[in-house]
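A short write-up of the structure that comes next.
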Amino acid sequence: MKILISIMIAAIPFIGITQSNQLLINSHLEKFKNAKSYTLAMADKLVEDKYDFKPVKEEMSYKEQLVHIGENIYWLSSTYIKEEPNPSNVKKGNSNEMSKKQVMQLLNDAYEYGLKAMGELDEKSLSKEFNWNGGKLNKYQFLNLIQDHQTHHVGQLIVYLRINNIEPPKYIGW
């Protein structure tokens with residue numbers, strides 16, 4: 001009986017860790033759903049004939065930014081969260097041939113893929129590490145990277161809209 005009680009007491013901290021890991025995943029899912037809604041609203045805000053707009057020649061166009069967001073979500077979610085090959089063959093270089101409708105579909109599909117990958121994530125695997133730029137990142141850090149990267153590019157799109165005298169959609173956060 002003493003052994004059983006000792007095992008139960010020893011297990012208590014792990015129950016808390018599992019609950020906090022699931023809370024972390026759920027928080028990322030909620031934030032990513034809102035990011036999807038906001039990014040799609042941003043994509044819809046600019047008329048298609050301005051999708052090739054870039055503020056300076058060195059920057060990506062509005063369309064290229066959106067395609068880059070989608071391709072990056074697919075890549076990071078497949079390679080580092082699901083640990084499977086990237087299911088998308090769309091590349092920023094192919095964006096020239098894409099219509100606004102196709103870009104928005106790519107974004108929708110990429111966010112849905114990312115949401116599914118995050119939703120299926122086993123919280124026990126969050127500490128698994130991968131080689132990254134000469135160092136190591138774990139799955140928890142990749143969840144943050146996915147959020148941070150898409151936010152970075154959506155922020156640039158806000159500037160693109162403002163330069164074109166278009167008011168961005170109201171921010172959708174948490």
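Here E97 fulfils each of the conditions (1) loosely packed, with under 15 Cβ neighbours inside 10 Å; (2) within 15 Å of N72 (Cα to Cα); (3) modelled with pLDDT under 95; (4) not hydroxyl-bearing (S, T, Y) apart from (2). Would you check if there is a residue in the range 108-126 being surrounded by 13 or more Cβ atoms within 10 Å (Cβ to Cβ), of a type in the set (S, T, N, Q) and not in a helix (DSSP H, G or I)? There is no residue in the range 108-126 that is surrounded by 13 or more Cβ atoms within 10 Å (Cβ to Cβ), of a type in the set (S, T, N, Q) and not in a helix (DSSP H, G or I).
Restricting the range 127-165 to residues that are among the aromatic types (F, W, Y) and surrounded by 16 or more Cβ atoms within 10 Å (Cβ to Cβ), the residue that is farthest from F32 (Cα to Cα) is Y160. Which of the following residues is over 30 Å from K170 (Cα atoms), modelled with pLDDT of 85 or more and loosely packed, with under 13 Cβ neighbours inside 10 Å: E30, E84? After applying the criteria, what remains is E84. For the range 164-173, indicate whether the set of residues that are more than 21 Å from K50 (Cβ to Cβ), within 18 Å of the chain's Cα centre (by Cα) and at pLDDT 95 or above is non-empty. No, the range 164-173 has no match at all. Got a sec? Which of A43, A35 is touching a Lys or Arg at 6+ places or on another chain (Cβ under 8 Å) and part of a helix (DSSP H, G or I)? Unique residue meeting the criteria: A43.
Would you check if K139 is in contact with a Lys or Arg (Cβ under 7 Å, 6 or more places away or on another chain) and either closer than 16 Å to H28 by Cα or of a type in the set (K, R) (or both)? Yes: the conditions hold for K139. If you check N72 against the conditions, is it out of contact with any Ser or Thr (no Cβ under 8 Å at 6 or more places or on another chain) and either without any contact (Cβ under 8 Å) to a residue 12 or more places away in the chain or loosely packed, with under 14 Cβ neighbours inside 10 Å (or both)? When the stated conditions are applied, N72 does not pass them. Is it fair to say K54 is under 17 Å from P168 (Cα atoms), in contact with a Ser or Thr (Cβ under 8 Å, 6 or more places away or on another chain) and not in a loop (DSSP other than H, G, I, E, B)? Here the answer is no, as K54 does not meet what is asked. Residues of the range 74-122 being closer than 30 Å to D49 by Cβ and in contact with a Gly (Cβ under 6 Å, 6 or more places away or on another chain), which ones? Hits for the range 74-122 are L106, L107, A110. D109 - would you say it is under 21 Å from Y38 (Cβ atoms), charged (D, E, K, R) and without any contact (Cβ under 8 Å) to a residue 60 or more places away in the chain? Taking the combined requirement at face value, the residue satisfies it. Scanning the range 148-174 for residues that are among the hydroxyl-bearing types (S, T, Y) and within 18 Å of V47 (Cα to Cα) yields a single hit, Y160.
The values are calculated or read from the model by the stated rules, or taken from the named source; none is laboratory data. Everything numeric here is computed off the predicted structure, so don't read it as measured data. All Cβ positions, even for glycine, are placed from backbone atoms using ideal geometry, and neighbour counts span all protein chains on display.
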